[in-house]
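The values are calculated or read from the model by the stated rules, or taken from the named source; none is laboratory data. Given the structure is predicted, the values throughout are model-derived calculations rather than measurements. Here the Cβ positions follow ideal geometry from the backbone for every residue, glycine too, while neighbour counts run over all protein chains shown. Just so you know, the surface numbers come from the protein's heavy atoms only, side chains and all, with ligands and any DNA or RNA stripped out. Shrake-Rupley method; radii C 1.70, N 1.55, O 1.52, S 1.80 Å.
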Amino acid sequence: MLAETLYSQVELEEILKFIEFDKLVKGFEYPDRGVNTKPVRFPQLDGLPERTVFVKKIFGMKKDRAIIPHGHSNMASAHLVLKGEMHLRHYEKIRQEEKFLTIKPTIDKIAKPGESSSISDERDNVHWFVANTETAFTFDVIVLDLNGRSYDIHNLDIYEQKTLNDGTLRVPILDVQTALNKYGKHSHH
Ligand SMILES: [Fe+2]
């Protein structure tokens with residue numbers, strides 16, 4: 001994806017300066033469950049369009065909080081780790097039913113500052129981030145409503161997965177509040 005190619009060629013320090021990360025995190029409110037976001041505005045520079053079709057945000061969370069496991073329709077996004085460390089998992093969306101997604105694991109790694117990942121309808125459609133450090137931040141560039149259709153987000157009850165004969169996982173879809181209660185704050189048992 002374009003954004004990932006870009007991130008691999010630009011120093012993290014320059015991106016942090018460009019988006020004024022220090023200002024964005026000042027007074028950042030960390031929720032007890034899940035994450036909070038702040039919009040990012042690019043500085044007025046010659047050659048940059050005043051408005052872009054991209055949604056740009058930072059996502060911040062405290063340790064053990066998560067961007068809960070979810071899949072997407074009709075959107076693409078790129079995620080750059082700005083600060084901290086996250087357990088990052090991605091899955092390929094194989095099939096969508098009204099109350100289930102069938103998925104297949106593709107990425108399972110610890111993501112560190114400067115590392116990025118992306119989702120699209122074509123590839124790695126489902127993702128899940130859990131913060132491993134006191135705080136963790138990503139910079140997200142999101143394109144909504146692709147294919148002329150409204151985007152949608154499907155929160156997944158990933159612990160209730162059923163492994164099918166072909167090795168894929170059939171996972172129930174949850175409403176956002178139930179999903180946030182269950183997955184927004186990871187407890188170590
Ligand atoms: Fe997402």
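Annotation: aspartates and glutamates with alpha-carbon distance below 17 angstrom to residue 26 (same-chain offsets under eight excluded): 134. List the longest stretch of the chain that has no exposed loop site; here a site is one of the GluC sites (Glu not before Pro) assigned by DSSP to anything other than H, G, I, E or B, with at most 12 other Cβ within 10 Å. Between exposed loop sites, the widest span is 135-189. Among 165, 155, 74, the largest mean-square fluctuation in a Gaussian network model of the chain, built with springs joining Cα atoms closer than 10 Å, belongs to 165.
Cα gyration tensor of the range 126-189, axes a ≥ b ≥ c as square roots of the eigenvalues: rounded (a/c below 1.5), prolate (a/b > b/c) or oblate?
The shape class here is oblate.
Beta bridges assigned by DSSP with both partners in the chain are antiparallel in approximately 100 percent of cases. Counting only aspartates and glutamates at least 8 places from residue 104 when in the same chain, those with an alpha carbon closer than 15 Å to its own are 92, 121, 122, 124, 157, 160, 166. Would you work out what percent of the accessible area of the chain, with all protein chains in place, is carbon or sulfur (probe 1.4 Å)? Carbon with sulfur: 50 percent of the solvent-accessible area. Here the sum of -39500 (n - 2.57) over DSSP H runs of 4 or more residues, divided by the residues of the chain, equals -3500 deg cm²/dmol at 222 nm, to the nearest 500.
Set against the 2.2 N^0.38 Å expectation for a compact globular protein, the chain has a Cα radius of gyration ratio of 1.03. Sparse packing (at most 13 other Cβ atoms within 10 Å of the Cβ) combined with a DSSP loop state is found for the following trypsin sites (Lys or Arg not before Pro) in the range 93-182: 99, 123, 149.
Note on residue 55: accessible area approximately 50 square angstrom, rounded to 10, probe 1.4 Å, nucleic acids and ligands left out.
Computed 3J(HN,Hα) for the range 115-130, one whole-Hz value per residue from the Karplus formula 6.51 cos²θ - 1.76 cosθ + 1.60 where θ = phi - 60°, is 8, 9, 8, 8, 10, 7, 5, 8, 8, 6, 5, 10, 9, 7, 10, 10, glycine and proline marked x.
With θ taken as phi - 60° and the Karplus curve 6.51 cos²θ - 1.76 cosθ + 1.60 applied, the whole-hertz 3J(HN,Hα) list for the range 136-149 is 8, 9, 10, 10, 10, 10, 10, 10, 9, 6, 6, 6, x, 10 Hz, x standing for glycine and proline.
If the chain between residue 162 and residue 104 were fully stretched, how many nm would it gain, using 0.36 nm times the residue separation less the Cα-Cα distance? Separation in residues times 0.36 nm, less the Cα-Cα distance, equals 19.7 nm. How charged is the neighbourhood of residue 32? Take every other residue with its Cβ under 9 Å from the Cβ of residue 32, and add Lys/Arg as +1 and Asp/Glu as -1. Summing Lys and Arg as +1 and Asp and Glu as -1 gives +4.
Across all C-alpha atoms in the range 54-111, the radius of gyration and Dmax reach 13.2, 36 Å.
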